[in-house]
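So the structure is just underneath, and the comments pick up after that.
The values are calculated or read from the model by the stated rules, or taken from the named source; none is laboratory data. It should be emphasised that the depicted structure is a prediction, and the values quoted were computed from it without experimental measurement. Positions of Cβ are backbone-derived with ideal geometry, glycine not excepted, and every protein chain shown enters the neighbour counts. Ligands, DNA and RNA are excluded from the accessible area calculation, which covers all protein heavy atoms including side chains. Shrake-Rupley method; radii C 1.70, N 1.55, O 1.52, S 1.80 Å.
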Amino acid sequence: MDDTWVRFANDLVARVSGPMSFRLVLQPAMAVFFAIRSGLADARNGRPPYFWALVSGRAPREAMVEEGWKSVGRVFIRAVVLDIVYHLYVLRFVYPMEAVAVAFILAIVPYLVVRGLVTRLARAESRV
């Protein structure tokens, strides 16, 4: 198990300067675009910040997860596919859990963070 974590950490570091490194900027940028769009819609409709509402349980979670997945799902799928292509090109072997973890880091995390921030900022701006 320790070898898996070491390989994963080494592979993550190698992605920064290796081939296809453009996706390390492109995928979070796409996630941020969709997060801004969704966050502004949340503020317009008076909904709470997305991740906070998911965690606190103030809103129906199933509907929120479905709506969030519709917004960022394509970015996530593309991130997984691009990481699999990277694996085949560089490593000559596919590590599926590593691909999903990298896609989660590049697509889902920026989406969750930015969507909540945009909702809070848009609400604060509308009150002024």
(Q) Go through the stretch 37-93 and report how many residues are at pLDDT 90 or above, surrounded by 14 or more Cβ atoms within 10 Å (Cβ to Cβ) and farther than 30 Å from residue 10 by Cα. (A) 6
Q) Just wondering, is there one or more residues in the stretch 3-16 that are under 23 Å from residue 121 (Cα atoms) and either loosely packed, with under 11 Cβ neighbours inside 10 Å or polar (S, T, N, Q) (or both)? A) no
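Condition check ((1) of a type in the set (A, V, I, L, M, F, W, C); (2) closer than 25 Å to residue 127 by Cβ; (3) in contact with a Ser or Thr (Cβ under 9 Å, 6 or more places away or on another chain)) across all residues:
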| residue | (1), (2), (3) |
| --- | --- |
| 47 | no, yes, yes |
| 51 | yes, yes, no |
| 55 | yes, yes, no |
| 61 | no, no, no |
| 83 | no, no, no |
| 87 | no, no, no |
| 99 | yes, no, no |
| 112 | yes, yes, no |
| 116 | no, yes, no |
Q) Among helices (runs of 4 or more DSSP H) lying entirely in the stretch 2-82, which contain 3 or more residues that are closer than 13 Å to residue 103 by Cα? A) 23-44
Q) Failed condition for residue 100, given (1) open to solvent by less than 80 Å² (accessible area, probe 1.4 Å); (2) at pLDDT 90 or above; (3) in contact with a Pro (Cβ under 8 Å, 6 or more places away or on another chain), with all others met? A) (3)
Q. Going by the structure shown, is residue 29 under 24 Å from residue 91 (Cβ atoms) and either open to solvent by 30 Å² or more (accessible area, probe 1.4 Å) or basic (Lys, Arg) (or both)?
A. no
